[in-house]
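The values are calculated or read from the model by the stated rules, or taken from the named source; none is laboratory data. Bear in mind the structure is a predicted one, so any value in this text is a computation, not a measurement. Side chains included, ligands, DNA and RNA excluded: accessible areas come from the protein's heavy atoms. Shrake-Rupley method; radii C 1.70, N 1.55, O 1.52, S 1.80 Å.
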Amino acid sequence: MDEELKLIGEKIEKFKYILVEHLELFDEESPYELEASKVVRAQIIQIHADALITSRSQAMKSMKEFGMEIGNRLVEMGVSLDKIIGEIQLGRNLFWSFIEEEVSNRHYSIEVLLKASSIIDAILDEFLYCMSVSYVNYYKEIANSANESLKKIKENQEVMEELATPIVQTMLQDVLLVPLIGRIDEWRMESMQSTVLQKCTDSHAEVLILDFSGITYTKDDNMFSLLDQLVGALALMGTETMFVGFTPAVVRQIIKLDFSHQVKSFLSFAQAMEYIVKRKGITIQYSE
């Protein structure tokens, strides 16, 4: 049987460029230039012929090396895996037809046909496996890159949230200051809620002072609703909220809300601290 397989392999080797032309009839858009495409396909066909002529194991090794090389090149060219799978199936059908015709012309036994077909299928399957590995590796790289990008975005977002909500320890251990600077919108208020609540819990704060003197006013009614929610949540935790530095525009919005009378307000941070110090009965001595 080995002699019959060798003769079939030699016939495939002899007509490999004709087989290439048959494949090109079904290829509307080749990923390579015409000549390069012929060379690549001819090399693939040659490896199948070698599997029948000499050694199947050596042909498998050659296909693995060449298949990974071609797979990586096709990935870089942006060729879809579906297109590659389709061409492999065309190649499989072409090989089967060629072998069936050769077996019939030479009056070989059915065993020769089955053996030759099984060898060709094994080499083609190895080529398909190499293509799949190339694309899987490519998609893994994309996924890893995307994960790294998402990780960086998350880290940057955390930094932005920290910068958006600076929490300052005052001279009193149980009094915290949150100086709000710039534009205050719904996203920033939502971010501030969780940050402030966690910080007040960790530090067992009795008073939280929100300083609005540095904000850029925005007509966002929902922002004030979120502020109301924050004040209520802090109250449930036992933390009193104080407002300082309101601009007239913000005051007009605060008056519309029910919580305006529940929160003590001061013109400045200094006035708020003076009130807290007096309420605690702390005497501050100033050195001359």
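Listed values, structure above:
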{"item": "Rule-of-thumb Rg ratio for the chain [Cα; 2.2 N^0.38 Å; N residues]", "result": "2.02"}
{"item": "With all protein chains modelled, accessible area of V175 [1.4 Å, Å²]", "result": "0 Å²"}
{"item": "Helix-only [θ]222 nm of the chain, DSSP H runs n ≥ 4, -39500 (n - 2.57) each, per residue, nearest 500", "result": "-24000 deg cm²/dmol"}
{"item": "Carbon and sulfur %, accessible surface of the chain computed with the full protein complex present, 1.4 Å", "result": "53 percent"}
{"item": "Whole-Å semi-axes of the ellipsoid equivalent to segment 53-131 (Cα gyration tensor, √5λ, descending)", "result": "27, 15, 8"}
{"item": "Gaussian network model of the chain, Cα within-10 Å springs - most flexible of I110, I45, I153", "result": "I110"}
{"item": "Surface accessible to a 1.4 Å probe, per residue, for the residues of the chain, Å²", "result": "59 Å²"}
{"item": "Pairs beyond 26 Å (Cα-Cα), from K6/K61; K6/K83; K14/K115; K38/K64", "result": "K6/K83"}
{"item": "Segment 58-203, Cα convex hull volume normalised per residue, Å³", "result": "198 Å³"}
